Amino acid sequence: MKVIKILFMLAILVISGGSLIIFSGVIDVAADKPHSKFVYWLLQEARERSIAKASANITVPDLSDYELLLTGGADYGVMCATCHLAPGQKESDMSLGLYPAPTNLSLSYEKSINSSGNNEAARARNFWIIKHGIKASGMPAWGKTHDDQRIWAMVAFIERLPTLTPEQYQILTAID
């Protein structure tokens with residue numbers, strides 16, 4: 001019985017302390033002030049493990065069709081480049097203003113490939129992120145407005161993006 005009372009008191013203490021912190025406004029939520037290293041690590045680990053679990057059973061289709069590059073390129077140019085940039089672009093107003101900073105997808109696809117070099121896992125991961133977005137990061141859930149085929153086209157384009165010259169990028173992202 002004594003253990004239950006102690007646990008109850010600890011629960012009350014944690015709830016009271018948490019409420020005090022939340023309602024006092026002492027937590028700085030400004031996007032121009034980085035998290036502490038511990039908080040950043042904690043959020044990054046939670047995000048990566050959540051995405052890995054959610055995308056683990058996604059079946060990746062054949063992404064070699066050139067038409068996917070054209071469809072995905074047009075969508076990337078309109079929906080993604082403002083934050084994730086284009087070949088030859090180092091920053092934008094949006095990429096500078098978001099925290100955490102969005103990955104510059106024009107530089108390296110390798111960041112998306114897990115440590116074992118598993119392209120299928122990277123493709124499934126990117127599909128899941130594009131479709132479902134990431135809470136409180138600025139990354140929208142494009143699955144609400146785009147079907148899976150269109151999202152896979154963006155995945156195919158993103159995979160090829162780091163190999164494109166600025167001129168090739170302009171051709172593939174041109175809208176008819």
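The values are calculated or read from the model by the stated rules, or taken from the named source; none is laboratory data. Only a predicted model underlies this, so the values are computations on that prediction, with no experimental measurement involved. Counting neighbours? That spans all protein chains shown, and the Cβs are built from the backbone with ideal geometry, glycine included. The area values use the complete protein model at the heavy-atom level, side chains included, leaving out ligands, DNA and RNA. Shrake-Rupley method; radii C 1.70, N 1.55, O 1.52, S 1.80 Å.
What is the number of the single condition among (1) in contact (Cβ under 8 Å) with a residue 60 or more places away in the chain; (2) open to solvent by 30 Å² or more (accessible area, probe 1.4 Å); (3) not charged (D, E, K, R) that Q170 does not meet?
The number of the failed condition is (1).
Among (1) open to solvent by less than 90 Å² (accessible area, probe 1.4 Å); (2) part of a helix (DSSP H, G or I), where does P34 come up short?
Unmet for P34, out of (1) open to solvent by less than 90 Å² (accessible area, probe 1.4 Å); (2) part of a helix (DSSP H, G or I): (2).
So is V39 part of a helix (DSSP H, G or I) and over 21 Å from P140 (Cα atoms) or not?
Taking the combined requirement at face value, the residue satisfies it.
Restricted to segment 72-81, and to residues that are open to solvent by less than 60 Å² (accessible area, probe 1.4 Å) and assigned to a helix (DSSP H, G or I), which residue is nearest to I175 (Cα to Cα)?
For segment 72-81, the residue satisfying everything is A74.
With the requirement that a residue be closer than 20 Å to Q89 by Cβ, surrounded by fewer than 21 Cβ atoms within 10 Å (Cβ to Cβ), touching a residue at least 40 places away in the same chain (Cβ under 8 Å) and more than 10 Å from the chain's Cα centre (by Cα), what does segment 121-167 give you?
Residues satisfying the conditions are R160, P162, L164, T165, P166.
If you check A46, A52, which single one turns out to be surrounded by 12 or more Cβ atoms within 10 Å (Cβ to Cβ) and either part of a helix (DSSP H, G or I) or in contact with a Pro (Cβ under 8 Å, 6 or more places away or on another chain) (or both)?
On the way: A46 fails: surrounded by 12 or more Cβ atoms within 10 Å (Cβ to Cβ).
Exactly one residue qualifies, and that residue is A52.
Picking from A122, A141, A153, which residue would you name as being modelled with pLDDT under 95 and closer than 24 Å to A56 by Cβ?
Going through A122, A141, A153 in turn, the sole match is A122.
Scan segment 4-26 for residues that are among the hydrophobic types (A, V, I, L, M, F, W, C) and open to solvent by less than 100 Å² (accessible area, probe 1.4 Å) and report the count.
Within segment 4-26, residues that are among the hydrophobic types (A, V, I, L, M, F, W, C) and open to solvent by less than 100 Å² (accessible area, probe 1.4 Å) number 5.
Quick one: in segment 95-106, of everything that is in contact (Cβ under 8 Å) with a residue 40 or more places away in the chain and in contact with a helix residue (DSSP H, G or I) (Cβ under 6 Å, 6 or more places away or on another chain), which residue is farthest from D32 (Cα to Cα)? Don't jump to the end; show me each part of the working.
We begin by selecting, within segment 95-106, every residue in contact (Cβ under 8 Å) with a residue 40 or more places away in the chain; these are 97-100, 105-106.
Subsequent filtering for residues that are in contact with a helix residue (DSSP H, G or I) (Cβ under 6 Å, 6 or more places away or on another chain) retains 105-106.
On the way: L105: 22, S106: 24 Å.
My answer is S106.
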